[in-house]
1. For region 76-90, does any single residue satisfy the condition of being farther than 18 Å from Ala37 by Cβ, of a type in the set (A, V, I, L, M, F, W, C) and more than 25 Å from the chain's Cα centre (by Cα)?
2. Being of a type outside the set (Phe, Trp, Tyr) and farther than 19 Å from Gln80 by Cβ: is that true of Val19 here?
3. Taking the condition surrounded by 11 or more Cβ atoms within 10 Å (Cβ to Cβ), of a type in the set (S, T, N, Q) and under 29 Å from the mean Cα position of the chain (by Cα), does Ser63 pass?
4. For Ile45, state whether it is surrounded by 13 or more Cβ atoms within 10 Å (Cβ to Cβ), touching a residue at least 40 places away in the same chain (Cβ under 8 Å), under 22 Å from Pro31 (Cβ atoms) and not aromatic (Phe, Trp, Tyr).
5. In this structure, is Gly56 surrounded by fewer than 10 Cβ atoms within 10 Å (Cβ to Cβ), part of a helix (DSSP H, G or I) and of a type outside the set (D, E, K, R)?
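Values in this text are rule-based calculations from the coordinates and carry no lab data. The structure displayed is predicted, hence computed values, not measured ones. Backbone-built Cβ (ideal geometry, glycine too); neighbour counts: all protein chains shown.
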Amino acid sequence: MAKKKPLSPGPSWNENFVVLGEILFWGFWAPVLFLIAAPWLSLAIVSYWPKPVLAGFFSAMASTGWLVASVVILAVIAYQAGMGYYRQHRSRKRTAAELAAKRAQGDKRL
């Protein structure tokens with residue numbers, strides 16, 4: 001008996017979302033990560049490097065305002081990620097409870 005040829009998977013259903021994800025990463029998340037990390041790296045450079053190149057830039061980025069802003073941005077991102085996880089967990093738990101209740105009632109479709 002001849003072996004069947006595997007079918008090609010064809011175009012991916014999420015190809016457009018992959019492109020959108022890359023745009024969001026490089027257009028939004030990369031600058032946000034820079035705003036979080038740059039002040040702290042600048043503080044380290046100013047503190048430990050005797051004569052840094054572009055000393056004015058690093059001193060300005062290591063100022064208190066930028067350090068506070070980076071902590072605030074990090075706190076907002078952590079809060080949003082935590083709330084997203086919590087909402088998703090609560091939604092899954094509620095859906096599982098509703099499904100269990102329907103099964104307990106003897107719904108034949110489940």
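1. No, region 76-90 contains no residue that is farther than 18 Å from Ala37 by Cβ, of a type in the set (A, V, I, L, M, F, W, C) and more than 25 Å from the chain's Cα centre (by Cα).
2. Yes; evaluated as a whole, the condition is true for this residue.
3. Considered against the rule, which asks whether it is surrounded by 11 or more Cβ atoms within 10 Å (Cβ to Cβ), of a type in the set (S, T, N, Q) and under 29 Å from the mean Cα position of the chain (by Cα), Ser63 comes out as yes.
4. no
5. Yes: the conditions hold for Gly56.
Okay, residues lined up against (1) exposed (fewer than 10 other Cβ atoms within 10 Å of the Cβ); (2) in contact (Cβ under 8 Å) with a residue 24 or more places away in the chain:
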site	(1), (2)
Phe17	no, no
Ala30	no, no
Ala38	no, yes
Leu67	no, yes
Gly106	yes, no
